[in-house]
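This report refers to the structure that appears directly beneath it.
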Amino acid sequence: MQGAQDQRRGAAVLDLGGLSGLTEEEAAARLARDGPNELPTQQKRGLWHTAFEVMREPMFLMLVAAGSLYLVMGEIGDAVMLLGFVFVVMGITIVQEHRTERALEALRDLSSPRALVIRGGVQRRIAGREVAVGDVLVLVEGDRVPADALLRRGLHLTVDESLLTGESVAVRKLPSDDAVALDRPGGDDLPSVFSGTLVTAGQAIAEVVTTGGATELGKIGHALRRLAPQPTLLQRETGRLVRRLAIVGLSLCTVVVVVYALTRGGTTTSWKEGLLAGIAMAMATLPEEFPVVLTVFLALGAWRISKSQVLTRRMPAVETLGAATVLCVDKTGTLTLNQMSVRRLRAEGSSFDLAAPGAPRSLPAPLPETFHSLLEHAILASQRDPFDAMERALHAAGEATLTGTEHLHPDWALAREYPLSPQLLAVTHVWRAGGGEGVGGELVVASKGAPEAIAELCRLGPDERAALGREVELLAAEGLRVLGVARGRLAEDALPDAHAALVLELVGLLGFADPVRPTVPAAVRECQTAGIRVVMITGDYPATARSIARQAGLAGDDQLITGPELDGMSEAELARRIGDVQVFARVVPEQKLRIVEALKAADEIVAMTGDGVNDAPALKAAHIGIAMGARGTDVAREAAALVLLDDDFSSIVAAVRLGRRIFDNIKKAVAFIVAVHIPIAGLSMIPVFLGDWPLLLFPVHIVFLELVIDPSCSLVFEAEEPEADVMQRPPRDPAERLFTWGSLGVALLQGLSSLAVCLGVYLWARASHTVDAARTLTFVTLVVSFLVIILANRSFRLTILGSLRARNRALWWVLTGTVGFLALVVLLPGARTLFHFEAIHVVDLGLATLGGGACILWFEVLKIIRRGRRARAGARKGA
């Protein structure tokens, strides 16, 4: 059945008449009184808490130690300078923490569960945290109950309360007009429903009694504060590297202290100077930027992805996005607009076309009498206040064509409902005419659903089924979704218990149009260019699926597998065909899991979309589960790693593009961090082992350099725009590590190039300048080389001049600030004294700047050579 799964959420018909709920003013007053409806969470970290965490960082402790040592040695100026930098570093860290916390807070607001409430007589979907005591909730299958409440009306409601009771069997709920107090969780036929529990079947209206921390879940929610988030793969990899480098740094620190002191006479002064050299060495080798980079990049990356209407619920999904090789997507609402309209009616061998929404028609043609019964019974088999797009389309068509006739029945009362089930993909409603005893003592039966299910209810013979199948294929070939409609009349005592036992009469077929989103063809082409295969999975007929696939631009739509074919396939046959098929039709949600597992067995990295309760296993099994935010169930959203807020396929593609950008930028930041620590470590260590060399870098110099490194790696590279070819290269290997020999090799060469140039400048300056002047020129060379490495690493494909055209406001703040501070410490006499510098001639300054700028010219030449090779390869491929 086209849209069979869509019927599941709206199968029950519940009378909402006479309910007005709270007004907005009443809800706001109660929220102000009781607070938001959310569980106790960890308190936001304040300024003092963040400052205390900074004080525990190794870099902070080393700064304090160096400043204290300067005080002991009587170097008041150096001590004041270093201790002053302590507050600067603390300020930068607090700003970074605040930015990250703000991004995470925005994500928490977006991820708040949704609730459907009635306020002022109007149904509204609001954030769960905005639910107030006294609100009237509308609950349907697949919803998480947002607050503790009492049922006032209900149809066949069952709820999974295992979250509170541990019992996996769902319990029945019965409404009560008189209940005022909540029961304990567990037990059948009670009117109480509880926050966090899952509606597994039925529909109900409930009145909220308690919210937030006063709910049953809130009472035990304090334990949730102690749950620590699991580290991601990148964080674990980085943690191992940081621990190893920290051990190396501390070992070198000890060696530097001992060697420096012993090679300079072993005096008290030499031991103090050795301690300063050791602290400088430890500061130079400690890669404290790595955890900062990952925290900031992943948090801000998830925030950026949310701007593309994709909410990240699990951070590892940000890492995995760039590696996705297959996107499995629903047709309805993802590839299409989910704006259904009744386009064609077919009954008694005749067809009638309704105009598309918004299509010009000077004089609307009246609906022929032949089709009145078809539309009438389709509406009777729908909800009165529908959520489903197809049922809304039926009501709209009825209002446009049947108003003023006897075929609309707002006063009829529902006597019984037969809901849709996997065994029979049809919904049947039984009505009493005018709320009384029926028509001529009989009840009116109306059914709609998959044509084959309707054929079963109508007991059609083989020839009739074949003729019906041909009509369905004709409609489906035009991209229309097809429903069959049946009718009947029965005495109330003749109603069978089993849905399949009904015997009805076929009325006709309805064809629904749901146009492809305008952005989909371009997004599909972008995926194909990026080496990502798009697989469409739908419950529609093969002909409909092929039509939509062609419109969306999916290649190979002739390769199609249907749900029944999938059931009949062995695992070996499915494994053989899974690599070529891009369209699955007549698939039920339970079969999605098998498709996902087959793709994973073929070493694909799978992203899967879903919206229903039965989609949850497939969403959880996929590498990247993507739930529909607008039409998905709460249980699907909880099983997914990402939530598509606008249900638009192009948003998924935008998220993949951002995922690739985030991983690229992390690699750029990591390469920069590795590259710049090599010359710092080298300039800190080499003078120690060459007895006649003075110390080139003191702790104050390394702190200055950290003020360049920290904002560069956490702000500049995070804000970098994606490479032009980010969606023109195949997905990265999921086994690819962040720290590959290739990326580390380039970073090592960049760092060694900077170190070589700095040592060359020092040797040149030492021959004709004082020690302090030589240190000044060496430091200028080092800082300039850092800035050039930043510019070079912005793109591994474009040259520095080419990448300057890409906007990055953070880059210019860092460049301007660094050059300004460097000018101050080189030109101001007081600053020169604190940095152990000396005034230098402008020509010497120019030569040092030129040396720093030229240190990685080889990398720019390498980019040009690589670009030429790619251009020649592209030309050969095009030929």
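Of note:
- Residue list for the range 718-748, filter: of a type outside the set (A, V, I, L, M, F, W, C), open to solvent by 60 Å² or more (accessible area, probe 1.4 Å) and modelled with pLDDT under 75: 734, 737
- Failed condition for residue 653, given (1) under 30 Å from residue 834 (Cα atoms); (2) in a helix (DSSP H, G or I): (1)
- Residue count for the range 756-792, restricted to those that are of a type outside the set (A, V, I, L, M, F, W, C) and surrounded by 18 or more Cβ atoms within 10 Å (Cβ to Cβ): 7
- Residue count for the range 544-568 under the criterion of being out of contact with any strand residue (DSSP E or B) (no Cβ under 8 Å at 6 or more places or on another chain), modelled with pLDDT of 85 or more and either of a type outside the set (Asp, Glu) or under 21 Å from residue 333 (Cβ atoms) (or both): the result is 5.
- Count of residues meeting criterion [crowded, with 16+ Cβ neighbours inside 10 Å and part of a helix (DSSP H, G or I)] in the range 803-816: 5
- Within the range 488-502, residues that are closer than 24 Å to residue 376 by Cβ and aromatic (Phe, Trp, Tyr) have Cβ atoms under 9 Å from residues that are at pLDDT below 90 and not in a helix (DSSP H, G or I) in no pair, counting only partners at least 6 apart in sequence or on another chain.
- Scanning the range 815-848 for residues that are closer than 15 Å to residue 773 by Cβ and of a type in the set (S, T, N, Q) returns a single hit, 833.
- Considering residues of the range 686-703 that are crowded, with 21+ Cβ neighbours inside 10 Å and assigned to a helix (DSSP H, G or I) only, the residue modelled with the highest pLDDT: 701
- Test: residue 820 is over 19 Å from residue 852 (Cα atoms) and either open to solvent by 30 Å² or more (accessible area, probe 1.4 Å) or polar (S, T, N, Q) (or both): no
- Breaking point among (1) out of contact with any His (no Cβ under 7 Å at 6 or more places or on another chain); (2) over 22 Å from residue 474 (Cα atoms); (3) modelled with pLDDT of 85 or more, for residue 405: (1)
- Residues in the range 831-852 that are of a type in the set (Gly, Ala, Ser) and either at pLDDT 90 or above or open to solvent by 50 Å² or more (accessible area, probe 1.4 Å) (or both) were compared, and the one that is farthest from the chain's Cα centre (by Cα) is 839.
- Just so you know, in the range 372-397 the residues that are touching a Lys or Arg at 6+ places or on another chain (Cβ under 8 Å) and in a loop (DSSP other than H, G, I, E, B) include one that is most open to solvent (accessible area, probe 1.4 Å), and it is 387.
- Taken over the range 514-531, the criterion of being surrounded by 20 or more Cβ atoms within 10 Å (Cβ to Cβ) and aliphatic (A, V, I, L, M) is satisfied by 516, 520, 523, 524, 530.
- Subset of the range 476-504 that is at pLDDT 90 or above and part of a helix (DSSP H, G or I) - its residue that is surrounded by the fewest Cβ atoms within 10 Å (Cβ to Cβ): 501
- Of the residues in the range 526-533, not one is touching a helix residue (DSSP H, G or I) at 6+ places or on another chain (Cβ under 9 Å) and under 28 Å from residue 450 (Cβ atoms).
- Residue count for the range 579-590, restricted to those that are touching a helix residue (DSSP H, G or I) at 6+ places or on another chain (Cβ under 6 Å), surrounded by 20 or more Cβ atoms within 10 Å (Cβ to Cβ) and at negative phi: 4.
- Residues of the range 169-188 satisfying the condition of being free of Cβ contacts under 8 Å to residues at least 24 places away in the same chain and open to solvent by 90 Å² or more (accessible area, probe 1.4 Å): 169, 172, 178, 184
- The one condition in (1) modelled with pLDDT under 70; (2) surrounded by 14 or more Cβ atoms within 10 Å (Cβ to Cβ); (3) not polar (S, T, N, Q) that residue 273 fails to fulfil: (1)
- Filter result for residue 460 (modelled with pLDDT of 90 or more and outside any helix (DSSP H, G or I)): yes
- Among the residues of the range 463-475, the ones that are surrounded by 14 or more Cβ atoms within 10 Å (Cβ to Cβ), free of Cβ contacts under 8 Å to residues at least 60 places away in the same chain and of a type in the set (D, E, K, R) come to 1 in all.
The values are calculated or read from the model by the stated rules, or taken from the named source; none is laboratory data. What you are looking at is a predicted structure, and each value in this text was computed from that prediction instead of being measured. Heads up, the Cβs are rebuilt from the backbone with ideal geometry, glycines too, and the neighbour counts pull from every protein chain shown. Heads up: the accessible areas ignore ligands, DNA and RNA and are worked out on the full protein's heavy atoms, side chains in. Shrake-Rupley method; radii C 1.70, N 1.55, O 1.52, S 1.80 Å.
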